[in-house]
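Following: one structure in structure tokens, then a few remarks.
What follows is calculated from the coordinates using simple rules that are stated; it is not laboratory data. These figures come from a predicted structure and were not determined experimentally. Don't worry about glycine lacking a Cβ; one is built from the backbone with ideal geometry, like all the others, and counts go over all protein chains shown.
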Amino acid sequence: MTRVALITGAASGIGRACAAKLAQVDIKVAIVDTQEDKGQQAAHQLQGYFIKADLTQPADCRRAVEKTVEQYGQLDILINNAGFQHIDPVADFPEETWDKMIALMLSAPFLLTKYAWSYLIKSGQGRIVNIGSVHSLTASPFKVGYVSAKHGLVGFTKVVALEGGEHGLTCNTICPAYVRTPLVEQQIIDQSRTLGISPEEVEEKVFGRKTVIKQQRLFEPEDVANYVAFLCSPEAWGITGATQVMDMAWTAH
């Protein structure tokens with residue numbers, strides 16, 4: 001049976017890898033992003049459907065769901081991936097940045113789930129996968145907006161799992177350590193410049209400081225996408241309400 005997935009932030013990085021992986025297993029993909037050129041390109045390559053949307057706006061969250069259903073006639077899978085980071089001390093953290101981060105990374109998953117709920121229930125095997133972070137479970141300084149939103153996503157996941165279970169709907173959050181996305185690549189460059197060390201040393205001494213598998217200091221987007229595909233499969237029918245940690249033992253300390 002054909003299934004349909006809506007993936008946010010899918011023009012690049014983890015979202016793009018998730019869309020590609022799901023398309024490989026014959027799931028039709030709706031790619032939601034603000035990056036029109038990259039989003040259209042990804043949709044063309046994956047024979048999917050692109051929806052330009054600013055998910056900090058509730059109306060765009062509703063429209064993303066409506067456009068997906070209008071295009072495909074159903075919605076079975078929701079991947080909440082879109083997000084960004086900002087680094088500043090609490091005292092200097094811009095209020096408008098806080099508002100935007102919470103809107104995109106916590107309110108948008110709620111609204112998309114709310115608007116998609118009836119379709120996911122109708123599916124009989126609805127799947128919601130939230131892309132969290134190791135910072136859903138722990139914290140680092142200067143990331144108050146990101147850490148707050150990602151922690152909130154874990155609580156949201158548990159409630160949705162409890163309410164959706166009787167309908168066969170599962171909801172989980174994947175919590176990876178650093179993933180080699182365009183966002184992280186830029187952070188590596190910035191840290192290299194600030195600390196006066198090579199990008200390789202940033203990966204090893206900064207990003208890899210708390211991980212125990214040193215042969216692979218960063219995950220690739222495809223590593224996360226593989227986990228997402230499993231959680232969306234029929235074989236994962238009983239896995240719900242969980243934080244799926246892939247952090248190379250970061251949080252085991």
Point to revise | Karplus 3J(HN,Hα) series, Hz, for the stretch 182-194 with 6.51 cos²θ - 1.76 cosθ + 1.60 (x for Gly, Pro) | key: x, 4, 5, 4, 5, 5, 4, 4, 5, 5, 4, 5, 5
Practice item. For THR34 and LYS100, compute 0.36 nm times the residue count separating them, minus their Cα-Cα distance, and round to one decimal in nm. Key: 22.4 nm
Check your understanding: In terms of modelled amide H atoms, which long-range or inter-chain residues lie less than 5 Å from the amide H of ILE128?
Key -> LEU78, THR170, CYS171, ASN172
**Study point:** Residue-wise HN-Hα coupling along the stretch 227-235, computed from phi with Karplus coefficients 6.51, -1.76, 1.60 (Hz; x: Gly, Pro)
**Key:** 5, 4, 4, 5, 5, 8, 7, x, 5
Check your understanding: Long-range amide H contacts for MET246: which residues qualify at under 5 Å (H placed 1.01 Å from N, peptide plane, sequence gap of 5 or more or a different chain)?
Key -> CYS175, ALA177
**Study point:** Distance between modelled label sites at GLN41 and ILE197, nm, 7 Å Cα→Cβ extension
**Key:** 3.3
Check your understanding: In nm, to one decimal, how far is the modelled label at HIS167 from the one at ALA91, with both set 7 Å along Cα→Cβ?
Key -> 4.8
Revision key, fill the gap. Relative contact order in percent for the chain (Cα pairs under 8 Å, 6+ apart) equals 19
Check your understanding: When the Karplus curve 6.51 cos²θ - 1.76 cosθ + 1.60 is applied with θ = phi - 60°, which whole-Hz ³J(HN,Hα) does each residue of the stretch 13-25 get, with x for Gly and Pro?
Key -> x, 4, x, 5, 5, 5, 4, 5, 5, 5, 4, 4, 9
Review point. When only Cα pairs under 8 Å and 6 or more residues apart are kept, what is the percent relative contact order across the stretch 68-164?
Key: 38
**Study point:** Net lengthening on full extension, MET1/THR138 (0.36 nm per residue, minus Cα-Cα)
**Key:** 45.4 nm
Check your understanding: Could you give the angle, 0 to 90 degrees to the nearest 10, between helix 36-46's Cα long axis and the longest principal axis of the Cα atoms of the chain?
Key -> 60
Review point. If packing is taken as the mean number of other Cβ atoms within 10 Å per residue, what is the order of 129-142, 239-252, highest first?
Key: 129-142, 239-252
Study note, to complete from the structure: Amide H contacts under 5 Å for PHE50, restricted to residues at least 5 apart in sequence or on another chain and with H modeled in the peptide plane, are ILE31
Exercise for review: Would you mind calculating the gained length between GLU220 and LYS158 on full extension (0.36 nm times residue separation, minus the Cα-Cα distance), in nm to one decimal?
Suggested key: 19.7 nm
